[in-house]
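The values are calculated or read from the model by the stated rules, or taken from the named source; none is laboratory data. A quick note: this is a predicted structure, and the numbers were derived from the prediction, not measured. With ideal geometry, Cβ positions are generated from the backbone for all residues, glycine too; neighbour counts draw on all protein chains shown. Areas reflect the complete protein model, heavy atoms only, side chains present, ligands, DNA and RNA absent. Shrake-Rupley method; radii C 1.70, N 1.55, O 1.52, S 1.80 Å.
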Amino acid sequence: MGRLTFQNGPEYFIAAAFKVLKKEKRFRFVMAVEGCLLKKMIEMTATLRISNRFHFTGFLKENQVSQLLSISDAFADAMTPCMG
């Protein structure tokens, strides 16, 4: 959830999802993000032929985030290290 940027490494999440889906097809993945890489990530899921298992929601309001998390089995978040 948040901004989709190069620093967050969204392609690693999609690559991991691809590996999961090779073993178990019943999972769905949600990326509640916006940003300059969104189109590229949508294209990546299409290239890997997993776009039917992905949902790109865009920005979500707080109540929508709570609702999404309440029906989710797992949550992953990209952590960007602080440079200081």
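From largest accessible area down, sort M44, M31; use a 1.4 Å probe on the protein chains.
On the way: M44 50, M31 15 Å².
Ranked from most to least accessible, the order is M44, M31.
Taking the simple approach of a point 7 Å from Cα along Cα-to-Cβ for both E62 and K22, what is their distance in nm?
Between E62 and K22, the label points sit 4.2 nm apart.
Under a Cβ-only charge scheme (Lys and Arg +1, Asp and Glu -1), can you give me the dipole magnitude of segment 6-51 about the Cα centre, in debye to the nearest 20? Please report the intermediate quantities before stating the final value.
Details: 9 positive and 4 negative charges, 68 e Å.
The dipole magnitude comes to about 320 debye.
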